[in-house]
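The values are calculated or read from the model by the stated rules, or taken from the named source; none is laboratory data. Please read these numbers as outputs of a predicted model, since none were measured by experiment. Neighbour counts are summed over all protein chains in view; Cβ atoms, including those assigned to glycine, are modelled from backbone coordinates with ideal geometry. In case anyone asks, the SASA skips ligands and DNA or RNA and just uses the protein heavy atoms, side chains included. Shrake-Rupley method; radii C 1.70, N 1.55, O 1.52, S 1.80 Å.
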Amino acid sequence: MSAVEAIKRVRDAERSRRAILEAAEAVFAERGFPESTLSEIGRHAGLSRGAPAFFFESKDNLYAEVIKRVFAERHEVLGPALELARTVDADEAPSRDALQAALEAAVGSYIDFLASRPTFVRLMQWEALTDGQRLRAIPHESSALERGLSALAGKLPKGDGRGEAGQLLLSFVALCLLPFEHDTTLLPTLGVSATDGRFLRERKRHVVRLLLDHLTIDRASAR
């Protein structure tokens, strides 16, 4: 085999592997893990029915790679935005404007990610329905969000349990995620959609205001 043929074979394998991962993400998100099959994923990828098993050996391995991939991409998207949160936290007395800039970057990047990756939301919904057993067993990168928000909350008074850092993380995720989880249930009753750019811009501003008021008030009370 020539060097050119070897390179072409590697590139073809990489394209096939990527196509399988993209197809698997779509199929797992639509049908859930139990009802998805490797042959269906192979057809969806435009490859042979046996291609997913050839590249990933089993449905469990393929699902694990899908989960690692979506969380790695979430981490990549949120990392730069939440670095700003850590920068703000380095200031002993960050101004309201600095806190707002950090929250706008974090909230904006997270909502943009959720809007561009509806399969992520669906995968997490399936995990919630099955008690997250598979998700807990798969090592995945998800620390950017936790570290950044913990940095913002680091100087707040500590409450019960994990304290304000944990509460801020829950509020951040819930406020950003809920419209995408209920785009076909709650949102239609309000006459809006999570695919509407104007609604998403308003949502970002609303979430930032809520979190900013919380952070500003609690930081003032801590002094």
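Points worth noting:
- Distance in nm between pseudo-label sites at H206 and S116 (7 Å out along the Cβ direction from Cα): 2.4
- Taking every protein chain into account, the 1.4 Å probe leaves E76 with about 130 Å² of accessible area, to the nearest ten.
- Residue-by-residue Karplus 3J(HN,Hα) for the range 34-39, coefficients 6.51, -1.76, 1.60, Hz, glycine and proline x: x, 8, 8, 10, 5, 5
- The heavy atoms of Y63 offer some 10 square angstrom of accessible surface to a 1.4 angstrom probe.
- Heavy-atom accessible area order for E30, E83, E127, largest first, 1.4 Å probe: E30, E83, E127
- Area accessible to solvent at D196, 1.4 Å probe radius, in Å²: 70
- Computing FRET efficiency as 1/(1 + (r/R0)^6) for R43 and E14, where r is the C-beta to C-beta distance and R0 is 25 Å, gives about 0.80.
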